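Below is one structure, written out as structure tokens, with a few remarks after it.
The values are calculated or read from the model by the stated rules, or taken from the named source; none is laboratory data. Computed from a predicted model, the values in this text were never measured in an experiment. Here the Cβ is made from the backbone with ideal geometry for all residues, glycine too, and neighbour counts use every protein chain on show. Areas reflect the complete protein model, heavy atoms only, side chains present, ligands, DNA and RNA absent. Shrake-Rupley method; radii C 1.70, N 1.55, O 1.52, S 1.80 Å.
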Amino acid sequence: MMNNSTEKLILFALRLITYAIVLVIGYILFDIIRNGAPALNWQFISGFPRRSGAAGGIFPAIVGTLSLVVGTIAVSLPLGIGGAIYLAEYAEQNKFNTLIRLAIVTLAGVPSIVFGLFGLGIFVLFCGFGPSILAGSLTLACMVLPTIIVASEESLRAVPKGFRDASLALGATKWEMIRTNILPYSMSGMITGSILGIGRAAGETAPILLTVAAFYLPRLPNSIFDQVMALPYHLYILATQHPEADKIRHMQYGTALVLLLLVLGLSLGAILIRTHFRKKFRW
Amino acid sequence: MVEQSLYPNYPKDLEMVITTNQVNFFYGPTQALFDISLLIPAKHVTALIGPSGCGKSTFLRCLNRMNDTIPHSRVEGEISINQKDIYAPGTDVVELRKEVGMVFQKSNPFPKSIFDNVAYGPRIHGEKNQKRLTEIVEQSLQQAAIWDEVKDRLQANAMGLSGGQQQRLCIARALAVGPKILLMDEPASALDPKSTTRIEDLIGELRTNYTIVIVTHNMQQAARVSDYTAFFYEGRLIECDATPKIFTNPRQKQTEDYITGRFG
């Protein structure tokens, strides 16, 4: 049994560590908001860039990132959830499926630039999509698939055995059981986990660098085979590649803030979806 | 017909609905059931008793093939329901489970409305007519003696019911599919005494129309609700007889030791 002062010391230390983390995040947020907020105005958000991005707005980059997010969701959600259903509900515990799981976990640890090069090789060149929204979305989808599969699988496994047993005992087939008494309850976890993963992907630069992102393209895409500007890449260019980099700090901070808000918006959406489903299904 | 040498205390004209012959069950390399040959009479209550791990639940779950879902499990021998081998190749498990309902130890209503819980079975079996569904739901809830308590809140979430009500709802849900046989796996072991009494009363009412097989830990309960009792020990069927006979004058010493509380 520990004595009281040790208890207090440990509590204090743990609290301090937690506060330190919050402090770092808080400072980053504060810095971006303080410097980025003045740049935010309607013209900045809805306008097209001028002078290589030194002036004007970032509308094409916002549209570009949004279309990549939508494309990534459209590709990765069905694939990831489908894979997770197979792994959680159908796959037997054997060596082959252990290998699949291992591959998925490994995939999660692959550096994003490797995904970028993979996307360039497979989607841009081999499939002949060229640098395009399609190639970029597919590349990002590959990158977030492990996150989606792992989150979805956990969410499926969290559904109590009692529901499964009861469904089967009432004469449901396996798929009927999954459709009526597992998916509805695990959907919130699957979607929340997936959106958080996709939010992370929305801010990635390396995977889109070689597959979709345009250096400077002040117009909107016409189809999924077009290149687009994207917020993370635009930010990277403004901050490091632009000849006037140190004179356009407000543009850089403004772009960072918009990207941050976008990702925050996705997370907020995930939270709302979760609360909605939580209220609907309690056990 | 009843094998009189094995079941001397069973009435001669008793109709047997479930017959098992030399059933062995394996979880992977571990054998859980050894040569179980048991007859279960129609429209009576048969209790399966025995200490924990004796195989009574495993045996029960063989009767509606719920053990199919356990990886690396294996059944040997023959289990027939109405003279049909339920493990024969080509057996429709869905049809089997429509015929043989099950109630679990832990009440497991779905996190849906009371109505949707009871209507679940009929719906997956293709009943779409709302009027017919409403009839089935009311009838099933009445049979399970819970209609009066829930009739005004059929759209309320079933998770809001008390433990005992949830278990009766689960019984109603099982009845809604129209089974002839009801398997109950310690249906009252997680309930308070009052709710237990209600479940036992309910079993007493259901026995006129259903064949009930109930696994129970509680010997008093077996004595109260069942007509016939089978005693399992270490994966073997030790003895099966009319309940009063088992509890007053068992043939086997192990049975006597168990019911007098010398072990288990």
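Is it true that B:Asp148 is away from every other protein chain (no Cβ under 12 Å) and not in a loop (DSSP other than H, G, I, E, B)?
Considered against the rule, which asks whether it is away from every other protein chain (no Cβ under 12 Å) and not in a loop (DSSP other than H, G, I, E, B), B:Asp148 comes out as yes.
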Q) What residue, of B:Lys128, B:Lys106, B:Lys151, is basic (Lys, Arg), open to solvent by 20 Å² or more (accessible area, probe 1.4 Å) and touching a residue at least 24 places away in the same chain (Cβ under 8 Å)? A) B:Lys106
Q: Could you pull out the residue among A:Phe118, A:Phe59 that is touching a strand residue (DSSP E or B) at 6+ places or on another chain (Cβ under 9 Å) and within 25 Å of A:Gln241 (Cα to Cα)?
A: A:Phe59
Q | Residues of the range B:153-162 that turn out to be closer than 14 Å to B:Ser107 by Cα and assigned to a loop (DSSP other than H, G, I, E, B), as a count | A | 2
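I'd like to check something: does the range B:75-94 contain any residue that is within 14 Å of chain A (Cβ to nearest Cβ), touching a Pro at 6+ places or on another chain (Cβ under 7 Å) and open to solvent by 10 Å² or more (accessible area, probe 1.4 Å)?
no
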Q. Would you pick out the residues in the range A:196-215 that are open to solvent by 70 Å² or more (accessible area, probe 1.4 Å) and either of a type in the set (Lys, Arg) or not in a helix (DSSP H, G or I) (or both)?
A. A:Arg200, A:Phe215
Q. So B:Gln165 fits all but one of (1) more than 14 Å from every other protein chain (Cβ to nearest Cβ); (2) assigned to a helix (DSSP H, G or I); (3) more than 30 Å from B:Gly261 (Cα to Cα); (4) open to solvent by 50 Å² or more (accessible area, probe 1.4 Å); what number is the exception?
A. (4)
Q | Pick from the range B:102-111, criterion more than 7 Å from chain A (Cβ to nearest Cβ) and in contact with a strand residue (DSSP E or B) (Cβ under 7 Å, 6 or more places away or on another chain), ranking: farthest from B:Thr196 (Cα to Cα) | A | B:Val103
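Going by the conditions given, is A:Gln93 closer than 23 Å to A:Phe215 by Cα and open to solvent by 80 Å² or more (accessible area, probe 1.4 Å)?
no
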**Q.** Which listed residue is farther than 29 Å from A:Val70 by Cβ, among the small types (Gly, Ala, Ser) and either open to solvent by 10 Å² or more (accessible area, probe 1.4 Å) or not assigned by TED's automatic domain parsing to the domain that holds A:Phe115 (or both), from A:Gly171, A:Gly162, A:Gly193
**A.** A:Gly162
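Only strands (runs of 3 or more DSSP E) wholly contained in the range B:210-254 count here; list those with 3 or more residues that are aliphatic (A, V, I, L, M).
Because the criterion is at least 3 residues that are aliphatic (A, V, I, L, M), the strands (runs of 3 or more DSSP E) in the range B:210-254 that meet it are B:211-215, B:236-242.
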**Q.** All positions within the range B:116-145 that are over 24 Å from B:Thr197 (Cα atoms), hydrophobic (A, V, I, L, M, F, W, C) and within 12 Å of another protein chain (Cβ to nearest Cβ)
**A.** B:Ala119, B:Ile124
**Q.** In the range A:237-254, the residues that are in a helix (DSSP H, G or I) and open to solvent by 40 Å² or more (accessible area, probe 1.4 Å)
**A.** A:Ala239, A:Thr240, A:Gln241, A:Asp246, A:Lys247, A:Arg249, A:His250, A:Tyr253
Q: Need at least 3 residues that are out of contact with any Leu (no Cβ under 7 Å at 6 or more places or on another chain), away from every other protein chain (no Cβ under 14 Å) and under 22 Å from B:Lys112 (Cα atoms) per element, so show me which helices (runs of 4 or more DSSP H) inside the range A:114-183 make the cut, counting only ones lying wholly within it.
A: A:133-157
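Conditions (1) in contact (Cβ under 8 Å) with a residue 24 or more places away in the chain; (2) surrounded by fewer than 21 Cβ atoms within 10 Å (Cβ to Cβ), marked per residue:
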residue	(1), (2)
A:Leu217	yes, yes
A:Pro221	yes, yes
A:Ile224	yes, yes
A:Leu231	yes, no
A:Leu235	yes, no
A:Ala256	yes, no
A:Gly265	no, yes
A:Ile271	yes, yes
A:Lys279	no, yes
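Yes or no, residue by residue, for (1) out of contact with any strand residue (DSSP E or B) (no Cβ under 7 Å at 6 or more places or on another chain); (2) open to solvent by less than 100 Å² (accessible area, probe 1.4 Å); (3) not aliphatic (A, V, I, L, M):
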site	(1), (2), (3)
A:Leu11	yes, yes, no
A:Gly26	yes, yes, yes
A:Ile33	yes, yes, no
A:Trp42	yes, no, yes
A:Phe48	no, yes, yes
A:Ala55	yes, yes, no
Q.
Give me the residue from the range B:109-125 that is assigned to a helix (DSSP H, G or I) and farther than 22 Å from B:Met184 by Cβ and, out of that set, least open to solvent (accessible area, probe 1.4 Å).
A. B:Phe115
